[in-house]
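In what follows, a single structure is set out as C-alpha cells and then discussed.
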Amino acid sequence: MSSMSASAGDREPCIPLDNAKEEVSGPTCTGDNGKHESAICSGNSEIKSRAVVKYCAAPPPTSYALLQEKTDLKLPPANWLRENPQLGSAGTTILGSSSKSKPFSSFGMAYEFIDCIGDDVDVVSDSENIKKLLKIPYSKSHLSMAVHRVGRTLLLDELDIQELFMRSSQTGDWTWLKEFYQRLMDQKWQRKKKSKEHWYQKAILSKFLYYSINGDGAAEPESDNLSEGDEENRAEEFSTSWPTTFTSTSNAEEPEAPKQESVSVDSSFALGQVTSVPKEQNLPTLFNEGESSQGLRNDFVRNIMWTFEDIHMLVGSNMPIFGGGRYPAVSLRLRDNNKPINILTGIDYWLDNLMCNVPELVMCFHVNGIVQKYEMIKTEDIPHLENSTFSTRVVKDIAQNILSFLKSNCTKEGHTYWLFKASGSDIVKLYDLTTLCEEAEEEKCQNPFTLPVAVLLYKVASNLMLKARQNRKHYGTIRTLLLNCTKLLDQERHPQIIASAHYMLSELFQLDEPLEEDGGESLRAGGSEDSYSDEDREEEDDLTEDSDDNGSYSNCSSTQDDSKAVAVIRSVGELSVPEKYRSTHQIRPSCAFPVSQDKEERCRLVLSYVLRGLKAVDGSIKKESDLPAADPNTPIPLKYEDRSSNGACTAEKGISLLLERAAGPLQADQKHPTRSGMIPGSWQHHMKLKLFFKASKAYYVLSDAATNLLKYGRALRYIKLSLQCYDAYCSVSGTLHPHVLLFHSQCLSLCGDIQLMLAQNANNRAAYLEEYSYQTKEDQEILHSLHRESSCQAFSMATDLAMDPEYQLFVSSKCYEAAYELLVSEALKDHTSDQLAQVLKRLGNIRNEMGVYYMNQAAAMQAEKEVKRSVSVAEQEMWKKSFGFFEKGMTDFEAIGDSTNTALLLCNTGRLMRICAQAHCNVSGDEGRGEFSPEEALYYNKAIDYYLRAMKSLASRENHPAVWDSVNWELSTTYFTLATLLQDYAPVSRKAQEQIEREVTEAMMKSLKYCDLQTDSARQPLYQYRAATIHHRLASMYHSCFRNQVGDEHLRKQHRSLAELHYSKAVSLFLSLKDAPCELLRTLLERVAFAEFTMAGQNSSTAKLKSLTGAIEIMTETRHAFQLIQKELQEEQKELNEPDAAESAGSPDVASGPMAGLNLQEVMKLIGVFEPSFSFLLLQVIKLMTTTKRKPSNKDEELLKTYKNVYSKLLRADKNAPLVSRVELYIDLLQQLMQRTGSDDTGTHKP
C-alpha cells in the first residue's frame, strides 16, 4: 500500500506483475459500446479465475482525479447530477448506488446471450446476488432469491418478499405466500425505514464519484446543496432507476458507483405487470416489447463470462472502472477512516475486482466527509487486509457447495424456487413456489415469474432449433424446454407462444428422412419431461443427511413449514466444508428424446402437437359467428362410390378441378380476411400455414407407411387427409413456394400409387373399405379446424374409394398426370430433375397397367365367344385403347431413357398384336378352323417387329437379363406359332406349296435361333423341348416332301438329307429331356418309317439288309423312351397302392386314368404303331438273312438266332396284358438286340 498525493493519471502504465499470486492484468473492455470479448486469467495453487467481457457499454476507462486533502465531500461538485460520459447518461440522479436488483435482471442477460443458456453456463445473475450467496456463512442478514432452471443453467434473482407483500395488500395476490411467510418467520412483517445515515452515505459517495471525474475539485455554493430531508425524498424518487455498482437496475448509459453494504431500497418495479403482455402480432415484437416494458432488458454496463474454479457464470456488473496508474484499470472505493474494513466488505471488493478483471483497488479515506488520503491495494492482497482476512479457498468451497445444492434440488424446469434465509438464522431453505402456488386454495394465484420463464424457455429452444439440423443431440433438450414452456402459459392469454412452441415440437420429428442412429446418444427414451436429473429424485438426498431433525432451530421455523421445503441447509457453516454438498445427479444436457422406430407413432405425436397448435390459433381468432356450426366430435364422412356403372367418364369434371388446383397459380396477395376471419399477414395466418403444411406432411408419411404395409384402405384415408390439409393451406396462402408444390406433386404421386394398388387388389375391397371409413378423434378435430378455412373438397375425386378397377386406374393415371403438369410448370422448371423422372416412370407404369387391363378385356371377350365370327366393334375398341396407352407409356419411358421398361411395353404391345392375330383366325362352324389368313400373318409379323424393337432397346442381355430372357422367349414363341400355323393350316389356296415350305422353314429357323440352349435358367428345358419340336416338325416336313417329290432327284436327295439331319437333332434333344418319352418315341418311329420308305426303293438284297439293320438299330433307341414310360407307370402304380390314393382313385385300372405328365392314350397309340413296325422289321431281316446265297458266319448265325428269338417272343406276347408288363417286355427285347448288335460296328449304317 502506498499513499498518493498526485494524480494517478500522471503515472505510466505498469507491466503486469510476474510474481503476483493472482495475475489480473489485461484490458477490461473497449469503448465501442458494443459486444466484444476480452479475457483474463488469474490463478495459482489456491484459486483459478478467468473473465471474458462479453459486452461493455461504458466508454474506455479514463484517469480518475486525486482529490486534495481536506476536500469536503459534503459539498456538491459543479458537475453533480449532470450527464457525464464516464458515469453514463443517468448521472442526473443523486444516488451513487442502489442495492435493489430488478427481479428479472438475469432474464435480460439470458435473452441477450441466449447461446450460453442451457448448456455452457452454470449461473446467470447480477454480480450482487453472487456476492450475497458467497457471503452466506459470514453474514447474519436475510437472503431471499428466486431460482429458475433452464437446462443446466440456473438463473438467480433477488426476490424482495416485502415488496411482493406490499403489492399483495393492494391486489389480493400472493396472500397464500404472505401467510406462509408469516408462519415461517413467526412474526408480522413490516417494512424497514432507511436511516438518515444511510442516505447521507449515499449522497457523499455520489459526490465523491463526480469529484473524481471532475478533476478541478471545485465545489458549488452551499445554496445549491440540498437539505438532508430533500436528499432523502429524492433518494426515494430515484432509487429504482439509479445504476448501482453491483446491481442490475441501470441502463447501459448510466454511471456506476461503488457501495459498501447491501441495503434494501424501495423498488417501483411492478412485479404483477409481467403477466400483462401487449397484443401479440409476431413473436419478435411480442418479446421485445415485453422485455422493455417489464424490465427484461439487459441493463448492466458490462456482462462478463466469469469462470470461478470450475463454475461458469454470466454476471452483470455496473462497477465504475477507471484507468491510469500502474495498471490500465482500477476501482475506486470510499471509506470512513473511523470504521475498519470488515470481512464482508473485503469479500465484496475482492469478488468485484475478480469479476471485472480489475487488478488494483484505489481506496479514498475520509473523516466526516473530509478527504484524508488514498491507498492502492492489489486485488490479490485484499484477502489479507487487517480485520478483513479470509481464505479464498473457503470462498471457492462455498461457491461449489451452493451450486451443487441448487443443482441437486432445483430440478424442475419452469418452476420458481425460493432460496430463503431469515435474518440472524443459520438455516437456509429452498422452497418450490410453483408447487406451493398449485396447492393454494385461492383461485387467483399468479406467479410473476411465469411469463419471463416461459419466454426464456421458448427463446432457448428457438436458438437450439437453429443448431438442431446439424446436431440431433439437442432434440431432447428442445423438447423438454418447449413442453415446460407450454405448461406455464395460459392458452387464452398467450396463444401465439403456445402455437409456435407446439409447431417447433412437431418439427423435432423428422418425417421425410430415415431414422438415423446416433450411437444412442441423446435419443434413448426415458427420463421425465421437466426434470434434468438422470433418475427420479429420491425423497431425501445425501445433501441433507439429517434434514428431518429440525428441532434445534425451532425458534426460526416450525416442523410444518419445514415439510414444505424442497431442501434445507441445516447450518451455513457446512458450506465452508470442501465438497460437503455434491450433486448426485449428473446433468444431462440433451434430455431424453423419445424416438420411436415406428413411423406411425412418430406421425401421431406430430399430429397431436399440430392439433394443439391449431386449437391455440383458432382460439385467438374472434370471428366465430360467421362460421358454420360444426361439432368436432362428429365424424366427417369420407365418401366412397361405386362408379362401375358410369365408368371413368363421370370423373372428368372432378379431375379437371384437380389439375387446376395442382398447377394453377393462386392470387399473389390476399387482402381480405380468410373464411375464419384471419387477417392475412397476421401471426395466426403464418402459424396456420406452417401447421397445415406440417399436418399434410405427417399424413403423407402415414399414408406411405400404410402403403408399405399393404394397408391400402388406410393409406387412401391418410392421403385424403393430407390433401385436405393441403387444400386448406391453399385456401389461406397467397402464394405457393416451390418446396410446397414439390411436396404436393409427391402427394399426388402417392395417391396415384394407392389407387393403382387398390385396382390390382380388388379381392380385399371389404377390408379396404373398413380401413378407409375409420377415423380417430384427433383426425376429426384436425378436420374441424381445416373446415374453418376450406371445404377441403378440391381433391375428393382423387381420394374417394371406388369399387371399379377401371375407374381406379383412370384416377391413378390422372393423379400422375396432375403431378407431371405441376412439375413441368413454370414455377418448378428449375427444381424437379429427380422427381420428374420418378413421375414419368409412374406415368409410364400406369399407362402400361391400363394397356394390359384393356388387352386382357379384349382377350376375355375373345374367349367368351362360343363361335368365332368376325371381330366385334367392342374388341376393336379395347385394342385401340390398349395400343394407345402402350404408346404413351413408351413415350414416357423413352423421355427418361428407361430402355428396360420401354422394352417391356414393346413386349406387351407384341402380345396385343398376337391377341389381334388370334381374333382373326378363320373358324367356320363344324369344319374347324380354316386356312392361315393374311390378317393373322399381318398381326404376327407386327408382333415380331415389336419384339425385335424390344431386343434393340435392351441392346444386350447384360443390361437386364430377366427382361432380355422374357423378350427372347416371346420372340421365339411368336416365330414358332407362326410357323406351326403355316404348317398345320397352310394357305394352299393362296400360295404354292414350295413357298409355304420356305416360309415355314424360315420361321422355324428363326424361332430356333432365339432358343437359348446355352444359358442355365428355368426356361432351358422349355427351350430344349421347343428346339426338339422344331427339328421334329422340320424333319417331318422334309420326310413328307421326300415321299411326295417326283422327278427332281437332286431335290429328293436334298430333302432326304435334311430329314435325316433334323431327325437326328430332334432325337438328340428329346433324349436329353426326362419328361418327353412320347415325343421321343414318336420321332424314333417316324425315323424308322423314313428308313423303311428308303428301303422300299432299293432292289439289292445287300442294300436292303443294310437298311433293315439300320432301322432296327434306330428301333433299339426306343428303349430309353420305354424306360421313362415304365418309370412313370410304376410311380402311378405306387400311388394307387397307397390307401388314401386308392380310395380317392375311382378305378384300379391303370390305363383308365390319365397321369400327370404322361398321356396314356398317346402311349397306347404309339405302341400300336411300334409293335407292327418292330415285327415287320424283324420278319424282313430274318427273311433276308435266311435267303442269302453266301454262307453265313458264326456271328451272323448268332444274330439270326437272336432275331428269331425276339420275334418269337413278340408274336407270343399277350395283347391284353397290363401296360406295365408290355412295356417291360419291350425293354427286355430291345435290350437283347442291343447286346447282340452293340459289338458290331453298325453305327455307320445309321441313316
- Query: Highest mean first, what order results for 715-722, 480-487 on Cβ atoms within 10 Å?
  - Reply: 715-722, 480-487
- Global geometry of the stretch 786-887, whether rounded, prolate or oblate, following the gyration tensor of its Cα atoms and the 1.5 cut on a/c: oblate
- What spacing in nm lies between the two simple spin-label points modelled at Leu1073 and Lys467, each 7 Å away from Cα in the Cβ direction? 7.5
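Given a 1.4 Å probe and every protein chain left where it sits, what share in percent of the accessible area of the stretch 785-871 is carbon and sulfur?
44
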- Message: Within the stretch 841-961, count lysine pairs with alpha carbon atoms under 23 angstrom apart where the residues are 8 or more positions apart or belong to different chains.
- Response: 15
- Query: Of Glu1086, Glu1224, which has the most accessible area and how do the rest follow, probe 1.4 Å?
  - Reply: Glu1224, Glu1086
- Ignoring everything but the protein chains, give the 1.4 Å probe accessible area of Met1234 in square angstrom, nearest 10. 80
- Describe numerically, in nm with one decimal, the distance between label points set 7 Å from Cα along Cα→Cβ at His142 and at Asn1137. 11.1
- Message: Rounded to the nearest percent, how much of the accessible area of the stretch 972-1122 (1.4 Å probe, protein heavy atoms only) is carbon and sulfur?
- Response: 51
- Item | For Arg570, solvent-accessible area (1.4 Å; no DNA, RNA or ligand), Å² | 60
- the stretch 1001-1020 versus the stretch 934-984: alpha-carbon centroid distance in Å: 11
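Leaving out ligands and nucleic acids, and using a 1.4 Å probe, what accessible area per residue does the stretch 364-405 come to in Å²?
34
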- Query: Counting Lys and Arg as +1 and Asp and Glu as -1, what is the net charge of the other residues whose Cβ lies under 13 Å from the Cβ of Leu828?
  - Reply: -3
- Message: For a test of the definition: using alpha carbon positions, the gyration tensor, and the 1.5 limit on a/c, classify the stretch 935-1064 as rounded, prolate or oblate.
- Response: oblate
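Please list, by residue number, every one of the trypsin sites (Lys or Arg not before Pro) in the stretch 977-1018 that is coil in DSSP and has at most 14 other beta-carbon atoms within 10 Å.
Within the stretch 977-1018, the qualifying trypsin sites (Lys or Arg not before Pro) (loop, at most 14 other Cβ atoms within 10 Å) are Arg990.
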- Item | Accessible-area composition of the stretch 343-385, carbon plus sulfur, in percent [1.4 Å probe] | 51
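The values are calculated or read from the model by the stated rules, or taken from the named source; none is laboratory data. Everything quoted here is computed from the prediction, not taken from an experiment. Glycine also receives a Cβ, built like all others from the backbone with ideal geometry; neighbour counts cover every protein chain displayed. Ligands, DNA and RNA are excluded from the accessible area calculation, which covers all protein heavy atoms including side chains. Shrake-Rupley method; radii C 1.70, N 1.55, O 1.52, S 1.80 Å.
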